[in-house]
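Bear in mind that the values in this text are calculations on the coordinates, not laboratory data. Bear in mind that the values here come from a model prediction, so they are computed numbers and not experimental data. Backbone-built Cβ (ideal geometry, glycine too); neighbour counts: all protein chains shown.
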Amino acid sequence: MELEATNKATLTNRMEVLKHLQSIDNRLIEFTKKKETLLAALEKRRAQVQQRKELLAQKQKESKDFQKETDGKELEHKCLEEEIKKSRGKLFQIKNNKEYTALLSEVGSKEADKSVLEDEILSMMSKLEGLRVEEKELEKEIQGEEKELSAYAGSVEAELEVLGKETLGHQKQWKENADLLDKEALTQYQRLIEKDGLAVVEVHGEDCGGCNMRLTPQTVNLLLRHQELTLCKNCGKILYLPEQ
């Protein structure tokens, strides 16, 4: 397909305008990709900090649950002490040797249970202390990470602001150049650029720079005549010859 020439601009001028539009669109695509990359990196760091916060919450719950378990063991120890105290008080009231021996044995058994329980409580308290140390260390790390995230978010915001201004500037240039083109050429260009971001391609030897397919003799002749805009019959890209 060949685009017919119009009075709005000569073929050479139109080709230069189209090439300039392609250059501007290339930059706009770069800006979009850079923006997406910056936002993705920021989101990734936010997600990492959030994961650390969730880990901290998990550890805090673990500590809380373990504290309840430890409190339960301490209550059990206190009750056992009360039972031993009462049993010892009864020893002085018993006059029967057999009952005395039985109660004394019971007290001894409870004392042994108390000793085991005390060791268990000491072990649990040691573990609980370790859990709390881990919590504090993690809290401190998260505070540092949040500070770094805040600084990083600020730098990303500054970069996005610059990108936004550059994008507006390029969009203005795009509009100024687009106004120089006839409707048919601009419509063809926009259709191609929306498809894959590439509308204007240089000819490499006798091959299309867009699809790398060999151009037909008819297409090559049209290019050499410099009379009208020429499209690749395979991919539809607007073709131009390299500067000699």
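Odds and ends about this structure:
- Among the residues listed as 63, 87, 23, the single one being closer than 30 Å to residue 194 by Cα and out of contact with any strand residue (DSSP E or B) (no Cβ under 8 Å at 6 or more places or on another chain): 23
- Scanning the stretch 128-157 for residues that are surrounded by 14 or more Cβ atoms within 10 Å (Cβ to Cβ) and over 32 Å from the mean Cα position of the chain (by Cα) yields a total of 1.
- Residues of the stretch 73-97 that are more than 24 Å from residue 121 (Cα to Cα), of a type in the set (A, V, I, L, M) and either out of contact with any helix residue (DSSP H, G or I) (no Cβ under 8 Å at 6 or more places or on another chain) or in contact (Cβ under 8 Å) with a residue 12 or more places away in the chain (or both): 91 alone.
- Verdict on residue 178 being under 25 Å from the mean Cα position of the chain (by Cα) and touching a residue at least 40 places away in the same chain (Cβ under 8 Å): no
- Tally, over the stretch 199-229, of residues that are touching a residue at least 40 places away in the same chain (Cβ under 8 Å) and touching a Gly at 6+ places or on another chain (Cβ under 6 Å): 1
- When each of 70, 32, 37 is tested for being part of a helix (DSSP H, G or I), hydroxyl-bearing (Ser, Thr, Tyr) and loosely packed, with under 12 Cβ neighbours inside 10 Å, the lone residue that passes is 37.
- Screening residue 192 against (1) crowded, with 18+ Cβ neighbours inside 10 Å; (2) over 41 Å from the mean Cα position of the chain (by Cα); (3) without any contact (Cβ under 8 Å) to a residue 60 or more places away in the chain leaves a single unmet condition, (2).
- Residues located in the stretch 186-237, provided they are of a type in the set (Val, Ile, Thr), out of contact with any Phe, Trp or Tyr (no Cβ under 7 Å at 6 or more places or on another chain) and under 21 Å from residue 24 (Cβ atoms): 187, 193, 201
- Those residues of the stretch 215-244 which are at positive phi and crowded, with 16+ Cβ neighbours inside 10 Å, in sequence order: 236
- Single residue of 181, 198, 160, 186 found to be more than 27 Å from residue 16 (Cβ to Cβ), in contact with a helix residue (DSSP H, G or I) (Cβ under 8 Å, 6 or more places away or on another chain) and surrounded by 13 or more Cβ atoms within 10 Å (Cβ to Cβ): 160
- Neighbours by Cβ (under 7 Å, 6+ apart or cross-chain): first from the stretch 108-130, under 18 Å from residue 69 (Cβ atoms); second surrounded by 12 or more Cβ atoms within 10 Å (Cβ to Cβ) and of a type in the set (Gly, Ala, Ser): 128/63
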